[in-house]
Amino acid sequence: MFVLLTFILIIYFGLIFSSLIKEGLPFLEKLGLSYILGLGLTTLMMFFYSWIGVKITLGSIVILLLTLIVLVRYICHFLKRKIEIKIPNMLKEFKFLKRYEKIICVGICLIFFISLLINAYYPVYVWDALALYDFRAKIIAQTGYFVQVAKQFDYFAHYPLLTSLTHTIVYVAGGSNPKFTYFLFYLSFGLIFYGVLRRHTNISVAIFFTFVLVSTPTLFEQSVIAYTNLPYTVFYVTGTLYLYLAVINKSNNYLLLSSLLIGLSTWTRATEPFWLTGIVVVLLYSIYKKSIFPILTYLPGFLIIQQPWKVHLSRFFGDTMSTSGQISSASKILLSGASLNRVIEVVGYIYQNIILTWGPMFFFFLIAAFIDIKNRHKKGHLVLLLIIIVNLLLLFVGTYAFSITNVEWKKIPGSARRMSIFFLPLMIYYIGLVLGNTIFKREQTEFY
Amino acid sequence: MQNIQKYNKTNLLVLLKQVRSLCYSIFPLIWASALLVSIGEALLYPGVTKKYLLINPLWVYFILIAACLFSKYDPKYKKSVLSEKLNKINLSLAFLFGLLYLSLMNLEKLNYSNFVFSKLHVHPAELKWPLFVVLISYALSRRGFHTIVNNKNIIKKIRPEMIIITLALMVSADNLIGISSMIEKDISFMLSNPLASYDLKMSEKVTPLFYEYTSFIKTNVPEESTILIPPQGYPWPQTGNSAYLRYFLYPRKVLNGEEYLPGANYTKNDIDYVLIAWGETIGTEYDYTHGWPKFDVAAEEIIYITNEKDKDKVMGNYVYEAVKDKELWGVIKITK
């Protein structure tokens, strides 16, 4: 009961916060955003207040949420932002779909249902969750603190706390199985993906490619285990899609939303360097627009979320773990000159262990890119293509730098694969976007 | 100077015509060799061509492509009955290999890795090469080009949406099969044990051997104890992983030992117990062998798990030589 009430508060906080950032979002998309934003920001606040000595309990979490809700409502009122919760008649909308669209919707719902069923049945059991994420959650639930107790344990403080604190919320609220939260991430992802794709394509394309997304075995697998890869993928991909919308619509609201979501991806997993893509793209956009405003909009939101964990890491492990320390050591490696043999080895490793696992999707992505570049009138698509290419380059550079500092870099292909899961949703979105715009006409009727 | 250049150009053209003619003459042989190599790799094993013929199969396929490109320009090719028959064979084989490739790959996904090879002695993934050989031979042949290029009606009838929908349906089917194979075992267990307890579910996921062993440890080792555990590595991937094992035994503390030595001072580290762990896996690494500890331990008592999953208490020291090569599980309470 308390678990349900706490998560309702989290989602409500996320709902009004997303309304504060961007008004007029479609309902399903707003619902998806509510959960991920609400949970991400709540767990971040929990980290802050426990760091300064306030114990994490159900009471403190509820007080935090109520305070945030009141604060955000006040700000919305002050800025005259409307908080609309217009729940559409889903059954009525469903009736108006074509037969094959209905079948695909049923397929999507079935996949979500199976994910929920497996998560509700099985407890946390996967390796890293037992060794770290869930173990930390239980310790935090028991003691009420993280920073203050971290030194008592080995292999405890290296990774950010989003998933651990999510589990903690469930435990302090009296729950015993936090895995349903991964199903909620999966569901939110599907809702946001549909909403964003629907802006540029017709219902059939949006529904179909949402089906392709949720039925991707790699993503489905991550939705039924308590790893950080799915939450990271959800935050990073949604942040990237909003970044794309920000650039093509010249919208600062989307830019702010993007900065928060990509920031929250670093609050889920901090070792991946892909957050740099956002900064590079916004910098290029600022130069293109000859305005400093985009970068000034993006950076604060991102840094407020990313930096606290880096500060904690550098206090715990030394300056090499801070952002500047990591950029400095990476620069030294990259500027010391590339070894051609190692470059070829890394390319081969990435191809064998990452690209090949994407299956035919990478091949379709290349076809879509070819069609897109040929039809140069859709310049907006090329922004997304650029973002994907920058990420691919970062993947290569990051793997190369890792191979220099770690002798056993080739021994964890599974980890490399999981780290690169986010490429699949981006490619699926891009394919849907290009093919939907090139071949199918966008209809006026809506399905939200 | 111009005459020399003209002479050289003429000689080059003559040479190219001769190569073209040769390619046309031996094209069926090249095609058959490429097909045999690709089928051989699929039926025997990938790399068999390189091992026995010392030729990388990619070179064979490259020669096929070159031969296709050269021979199609030969004037004899257009009128050749053999080339028409070859194209019909290529089309039929394309259909056959395509069907085989898709169905065997999905059969593999529905079962387990190497399933198709174990039952039919075929490497399903390698079937893409015979498919490639017949498709490229058809596509690059004069007939293939004529069929596609001269029949513009065919191109108009093939709507892009149909291609996309076909590809999309293939991806969807592939995804659904992937998910099905992933959840089959879980759904089956859930249907057989709808009201399973937490212990039964965890036992199913982390292996019954390991889960029962940790339950045994929790029953026999007090919560305030420190336990010496095997070194991290196979055959002790779970019992030797301190971060993993602590999840099951907390608030007991765990500390890694070494294979032939404790690796820690019992008094300084306040160690109370030492695990007796044969090893959860058959495989090993770092030259480890089964059975731990491989050193003597001065013990107050030793508690073994017997075959009947009961416990057996023994007084006296743990002497490794006395229990060497015996598959034992238990815990030693050390003498303080």
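Of A:Thr218, A:Thr266, A:Thr233, which has the largest mean-square fluctuation in a 10 Å C-alpha GNM of chain A? Taking springs between Cα atoms under 10 Å, the residue moving most is A:Thr218. Taking the DSSP beta bridges with both ends in the protein assembly as shown, the antiparallel portion is around 75 percent.
Modelled label positions at B:Tyr112 and A:Lys102, each set 7 Å beyond Cα in the direction of Cβ, lie 4.2 nm from each other.
To the nearest 0.05, what FRET efficiency results for A:Lys82 and B:Tyr52 with a Förster distance of 60 Å applied to their C-beta separation? Efficiency computed from Cβ-Cβ geometry: 0.20. Site pair B:Ser192 and A:Ser176 shows an inter-label distance of 2.3 nm when each label is modelled 7 Å from Cα along Cα→Cβ.
Cross-link check: pairs A:Lys179/B:Lys205; A:Lys22/A:Lys98; A:Lys22/A:Lys95; B:Lys294/B:Lys333; A:Lys55/A:Lys138 evaluated at a Cα-Cα cut-off of 20 Å; pairs beyond the cut-off: A:Lys22/A:Lys98; A:Lys22/A:Lys95.
This ranking places B:Trp292, A:Trp51, B:Trp329 by how few other beta-carbon atoms lie within 10 Å of each, fewest first, which gives A:Trp51, B:Trp329, B:Trp292. Per residue of peptide B:192-205, the mean number of Cβ atoms on other chains within 10 Å of the residue Cβ is 2. Placing a label point 7 Å from the Cα of A:Val347 along the Cα-to-Cβ line, the residues of the range A:398-423 whose backbone N sits under 20 Å from it are A:398-404, A:410. Database remark: amide H of B:Glu300 closer than 5 angstrom to the amide H of B:Lys333, B:Ile334, B:Thr335 (H placed geometrically; neighbours at sequence offset of 5 or more, or on other chains; Pro and chain starts carry no H). For A:Trp51 and A:Phe153, the difference between the fully extended length at 0.36 nm per residue and the C-alpha to C-alpha distance is 35.0 nm.
Computed from the Cβ-Cβ distance with R0 of 41 Å, the FRET efficiency linking A:Phe113 to A:Leu5 stands at 0.95. The charge dipole of the protein assembly as shown, taken about the Cα centre with unit charges on the Cβ atoms of Lys, Arg (+1) and Asp, Glu (-1), comes to about 4480 debye, rounded to the nearest 20. So what is Rg over Rh here for the range A:183-277, counting just Cα atoms and using Kirkwood for Rh? Taking Rh as the inverse mean 1/r over Cα pairs, Rg/Rh reads 0.98.
For peptide A:118-131, the mean count of partner chain Cβ atoms within 10 Å of a residue's Cβ comes to 5. Converting phi to 3J(HN,Hα) with the Karplus coefficients 6.51, -1.76 and 1.60 and the offset θ = phi - 60°, the range A:308-315 yields x, 5, 5, 5, 4, 5, 5, 5 Hz in sequence order, with x at every glycine or proline. Annotation: amide H of B:Ile276 within the under-5 Å range of B:Gly330, B:Val331, B:Ile332, sequence separation 5 or more or interchain, hydrogens built in the peptide plane. For the range B:204-334, the Kirkwood radius over C-alpha pairs fed into Stokes-Einstein at 4 °C and 1.567 mPa s yields D = 89 µm² per second. Distance between the modelled labels on A:Ser415 and A:Tyr288, one decimal in nanometres: 3.6 nm (7 Å Cα→Cβ projection). Sorting B:253-264, A:342-353 by average packing, meaning the other beta carbons within 10 Å per residue, from highest down gives B:253-264, A:342-353. Cross-linked pairs B:Lys218/B:Lys313; A:Lys411/B:Lys218; B:Lys17/B:Lys88; B:Lys17/B:Lys51; B:Lys51/B:Lys109; A:Lys250/A:Lys290: Cα-Cα separations exceed 24 Å for A:Lys411/B:Lys218; B:Lys17/B:Lys88; B:Lys17/B:Lys51; B:Lys51/B:Lys109. Neighbouring Cβ atoms from other chains, within 10 Å of the Cβ of residues in B:234-243, number 2 on average.
For the range B:321-336, putting each phi into the Karplus relation 6.51 cos²θ - 1.76 cosθ + 1.60 with θ = phi - 60° gives couplings of 4, 6, 10, 4, 6, 9, 7, 10, 10, x, 8, 10, 8, 7, 6, 9 Hz, in residue order, rounded to whole numbers and with x for Gly and Pro. Cβ crowding within 10 Å, taken as a proxy for footprinting-reagent exposure, orders A:His158, A:His77 from fewest neighbours to most as A:His77, A:His158. Considering only A:Thr297, A:Thr228, A:Thr210, the mean-square fluctuation computed in a Gaussian network model of chain A, springs between alpha carbons under 10 angstrom, is largest for A:Thr297.
Here the extension length gained between B:Ser172 and B:Phe295 equals 38.6 nm, from 0.36 nm per residue of separation less the Cα-Cα distance. Only one residue of A:Ile10, A:Phe146, A:Ala206 has its Cα farthest out toward the positive end of the dipole of the protein assembly as shown, where Lys and Arg carry +1 and Asp and Glu -1 on Cβ, and that residue is A:Ala206. Ranked by the mean number of other Cβ atoms within 10 Å of their residues, highest first, the peptides A:253-259, B:203-209, A:147-153 fall in the order A:253-259, B:203-209, A:147-153. Remark: the range B:237-253, residue by residue, has Karplus-estimated 3J(HN,Hα) of x, 9, 5, x, 9, 5, 5, 6, 5, 4, 4, 8, 10, 3, x, 4, 9 Hz, where x stands for each Gly or Pro and the curve is 6.51 cos²θ - 1.76 cosθ + 1.60 at θ = phi - 60°. Here A:Ser339 and B:Ala32 are evaluated by their C-beta separation; at R0 = 41 Å the FRET efficiency comes out at 0.40.
Readers should treat all values here as calculations from the given coordinates under stated rules, not as data from a laboratory. Because the structure is predicted, anything quoted here is derived from the model rather than measured. Counting neighbours? That spans all protein chains shown, and the Cβs are built from the backbone with ideal geometry, glycine included.
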